[in-house]
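Only one structure is covered here, and it is reproduced in the block below.
Quick note: the coordinates plus some simple rules give every number you see, no bench work behind them. This is a predicted model, so every value here is computed, not measured. Cβ atoms come from the backbone with ideal geometry, glycine included; neighbour counts cover every protein chain shown.
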Amino acid sequence: MKEQNYELALEKYDKAIEIYDTNAVYWCNRAAAKIYLGKYMSAADDCNMAIALDPKYVRARERLASVYRHLEMPEEQEKVLREALAIDPMNERLKGEIDELTRAASAPRSGAPAGMPGMPG
């Protein structure tokens, strides 16, 4: 979808939320549009509102995890994914994402060792 379509979607969800601000799906879908537009902090706020309105809404937690992935916050991403998995323990996609994060965290990091340049680690 082109950026202008996400802007239009954002406008539509803004209007929907003005009318019916207790609908968690509207908040979550508006967050999706914001993610595509790179408005990550605002998207996180919308995801958290969706979760507050419907604590068992797994998709809102998945979207929040996506925000954390974009912001390169793997600990927060994993925490939210684990919360979602606690709600939906049979969700293989969530399990796969958590496994991927775990593997990435345990992989050796590239780059220079810690310490002063030219000095041993």
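Structural remarks
- Helix 24-36 vs. the chain, principal-axis angle (Cα, 0 to 90°, nearest 10): 50
- The lysine pair count for the chain, using Cα distances under 27 Å and pairs eight or more places apart or on different chains, is 19.
- Between Asn5 and Glu76, the FRET efficiency estimated from the beta carbon spacing at R0 = 30 angstrom works out to 0.55.
- For the chain, convex hull of alpha carbons as volume per residue, Å³: 132
- GNM top mover of Ala107, Ala44, Ala16 - the chain, alpha-carbon springs below 10 Å: Ala107
- The angle between the Cα long axis of helix 40-53 and the longest principal axis of the Cα atoms of the chain comes to about 60 degrees, rounded to the nearest 10.
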